[in-house]
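The block underneath contains the structure these notes are about, expressed in structure tokens.
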Amino acid sequence: MTSGRVQLIDCSLRDGHQSLLATRMSLEQSLRVLPMLRDSGYDIMELWGGAVLDASLRFTGDDPFERLETIRKVLDESGREIQIRSLCRGQNLFGYNPYPDNVVYEFLKEAIRTGGGKLHRMRIFDALNDFRNLTTAIMATKTFNGHAEVALSYTVSPVHDKDHFLNFAKRVVDAGADSLAIKDMAGLLHPCDAWELIEGLKSAFPHLELTLHSHCTNGLATASYVVGMLAGADYLDTCHGPMAHGTAQPPAELISYFARELGIELNVDFTKAGQIDAELRKIREELASVDKDPDHFGNPWPAEPTPEMQTVIREAIALLKKRDKASCDAAIDMIEQKIMEPQGFPPIDKAQLESQIPGGMISNLHNQLKEQGKLDEMPKILEEIPRVRAAAGYLPLVTPTSQIVGTQAAFNVIQGEPYKFVSEPFRDVMLGKYGKLPGPADPEVLKKVSAGRELLTGRPAMYVDRVDLEKVFAEHGSLIKSHRDLLLMLLFPAPAKAFLAKRNG
């Protein structure tokens, strides 16, 4: 049960804009908000990793390592030890394919060093929950004095039960995880299941900190966060004001109302919440062209909950404490319909409970289809995604599997025939190149997509050739001016080449 204190982690400047704004927030825009967040008492902020590196090169014109270095300097100005958290896709690092061990080692060495050593917390996860894809990243993070926070990729399927996640957690703890996280990237964790999973993890690993991460995509996250506070989670991932809700994390302001009612102490001072909200609101308006819902991102939260909100908060807590599904469902609807919608946030589309696409993928898929003039195909693609996912052994949908499954579903719809065209990444996933599938693949689909190739059963890094760093440097010597440049070229060849060429004039 709860210890009476829970810490909030701010994700506005990483997952918030990845989920809502296709990761288009620049360093300049981030720096307008970061000092205010820094001075609000956060001990950990998620600020790097995930899609930030790729988007920085492609869209915002920021050098990813300089971005990280600048952020570190701003946080250090506080005089407090504030951790930067970065999202690392295990053997896939910050890209989309498995990389050889020497690349994982070299990249994490530079990232940990730039991010502050012990003050750089790597959230390491694998889309398939294949622990073999995490061991090198865990080892490298710890070798260079970083914090290895290992996340289980949460999903719902016939093969994903509490024992599945507890067994995965045991393997990564044995591999050296410093802390654990539940990464509910598609907002699928129901409050009933949150009780069971959080209490199970805290009972099995009482010595390790546990973070709960979810998205409001399906309306479950805020209620599950309340359960998280009751069940013993140590940290909750939240966002501020207009960078919250929708396909992003629950609002820190609303979670603070619930915490106060529960008598739980938080680490955050909300004195500057209004200023943070105002600046994030400007930034979201500046990025309206990539905003999937530019007309609905909530009104500023009051410093104190209104009497109407307070009544709903008390009633929702009472329902969630009952733990049964009907009571939890009533609490979910109450929070969304009587707090979030009156506050100006968009109504929840529970159809996402079926498609299970995470927030960042929805944002990017929307923009890609819009650019291609095929936005009208979105509903059919959302219907096709669960079928493709089931055929692939019920993959959790998180980068890169969300993109791989989503792209294959789009091909199936646009081509008018399932698997008439098969993307190479989808073929690789089915054959085991990304790791072991959670469940068995559909034999008919596997036969159709495999093109006669053999199944791969080894550790994915076995099938990737070791990279000769000196050779890569020699091939791009005119562009590469530092070890950092070399690393970017290894992970993002095309965008890094264009970025470095432009930078070098």
Among (1) 22.1; (2) 23.9; (3) 26.4, which is the computed mean projected area of the Cα convex hull in nm²?
-> (1)
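For segment 251-312, which semi-axes, largest first and in whole Å, follow from the square roots of 5 times the eigenvalues of its Cα gyration tensor?
Values: eigenvalues 135, 38, 19 Å².
Over the Cα atoms of segment 251-312, the ellipsoid semi-axes are 26, 14, 10 Å.
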Across segment 20-163, how many lysine pairs, 8 or more positions apart or on different chains, have C-alpha atoms separated by under 26 Å? Please give the number.
-> 6
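When only C-alpha pairs under 8 Å and at least 6 residues apart count, what is the relative contact order of segment 299-436, in percent?
Values: 97 pairs, mean separation 21.2, N = 138.
Relative contact order, segment 299-436: 15 percent.
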Segment 214-283: relative contact order in percent, alpha carbon pairs under 8 Å with at least 6 residues between = 33
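ASN267 to GLU81: extension gain in nm, 0.36 nm per residue of separation minus the Cα-Cα distance? Could the numbers behind the result be given before it?
On the way: separation 186, 0.36 × 186 = 66.96 nm, distance 1.39 nm.
Length gained, ASN267 through GLU81: 65.6 nm.
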HN-Hα couplings for segment 137-144 via Karplus (6.51, -1.76, 1.60; θ = phi - 60°), in whole Hz with x for Gly/Pro, come out as 5, 4, 4, 5, 4, 6, 4, 9
How would you rank 104-115, 299-310, 435-446, highest first, on the average number of other Cβ atoms within 10 Å across their residues?
-> 104-115, 435-446, 299-310
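Which value, in Å², gives the accessible area per residue of the chain when a 1.4 Å probe is used on the protein heavy atoms?
On the way: 18800 Å² over 505 residues.
About 37 Å² of surface per residue is accessible.
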When ranked by the protection proxy of mean other Cβ atoms within 10 Å per residue, highest first, what sequence do the peptides 117-127, 286-296, 233-243, 255-265 form?
-> 233-243, 117-127, 255-265, 286-296
Coordinate range along principal axes, alpha carbons of segment 357-459, Å, largest first = 39, 26, 18
Rounded to a whole %, the carbon-and-sulfur portion of the accessible area of segment 84-211 at a 1.4 Å probe is 51
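Taking 0.36 nm per intervening residue step and subtracting the Cα-Cα distance, what contour gain separates ASP161 from GLN337 on full extension? Before the final figure, lay out each step's value.
Working: separation 176, 0.36 × 176 = 63.36 nm, distance 2.98 nm.
Value of the extension gain: 60.4 nm.
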Which of the aspartates and glutamates could be linked to LYS436 by a straight reach, that is with a Cα gap under 12 Å, when you skip same-chain ones fewer than 8 residues away?
-> ASP126, ASP130, ASP428
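Any chance you could run the full-extension gain for LYS322 through ASP376? It's 0.36 nm times the residue separation minus the Cα-Cα distance, nm to one decimal.
Values: separation 54, 0.36 × 54 = 19.44 nm, distance 4.20 nm.
Contour length minus Cα-Cα distance gives 15.2 nm.
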Please give the peptides 211-220, 88-97, 31-40 ranked by average Cβ packing (other Cβ atoms within 10 Å per residue), highest first, as a rough proxy for protection.
-> 211-220, 88-97, 31-40
So what are the ³J(HN,Hα) numbers for segment 86-95, from phi and the Karplus equation (6.51, -1.76, 1.60; θ = phi - 60°), rounded to whole Hz, Gly and Pro as x?
-> 10, 9, 10, 8, x, 5, 8, 6, 10, x
At a 1.4 Å probe, what is the % contribution of carbon and sulfur to the accessible area of segment 254-301?
-> 45
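What does DSSP give for the chain in terms of the percent of beta bridges that are antiparallel, rounded to the nearest 5? Spell out each step's value before the answer.
Working: 1 of 34 bridges.
Of those bridges, close to 5 percent are antiparallel.
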Return the whole-Å distance between the Cα centroid of segment 28-51 and the Cα centroid of segment 73-116.
-> 16
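What does the charge dipole of segment 357-459 about its Cα centre add up to, to the nearest 20 debye, if the Cβ of each Lys and Arg holds +1 and the Cβ of each Asp and Glu holds -1?
Details: 13 positive and 11 negative charges, 61 e Å.
Around 300 debye, computed over segment 357-459.
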Pairs of Lys in segment 262-343 closer than 30 Å at Cα, counting only those 8 or more apart or on different chains | 9
Counting only residues 5 or more apart in sequence or on a different chain, those whose built amide H sits under 5 Å from that of ILE124 are CYS88, GLU149, VAL150, ALA151
Once every DSSP H run of n ≥ 4 in the chain is given -39500 (n - 2.57) and the sum is divided by its residues, what mean residue ellipticity at 222 nm do you get, rounded to the nearest 500 deg cm²/dmol?
-> -13500 deg cm²/dmol
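Pull out a ≥ b ≥ c, the square roots of the eigenvalues of the alpha-carbon gyration tensor of segment 5-292, then state rounded if a/c is under 1.5, prolate if not and a/b is larger than b/c, and oblate in the remaining case.
Values: a/c = 1.44, a/b = 1.07, b/c = 1.35.
Rounded shape, in that the Cα axes give a/c under 1.5.
The values are calculated or read from the model by the stated rules, or taken from the named source; none is laboratory data. Model, not experiment: these values are computed from the prediction. Methodologically, a virtual Cβ is constructed for each residue, glycine included, from the backbone with ideal geometry; neighbour enumeration extends over all protein chains shown. Just the protein is used for accessible areas: all its heavy atoms, side chains included, with ligands, DNA and RNA removed. Shrake-Rupley method; radii C 1.70, N 1.55, O 1.52, S 1.80 Å.
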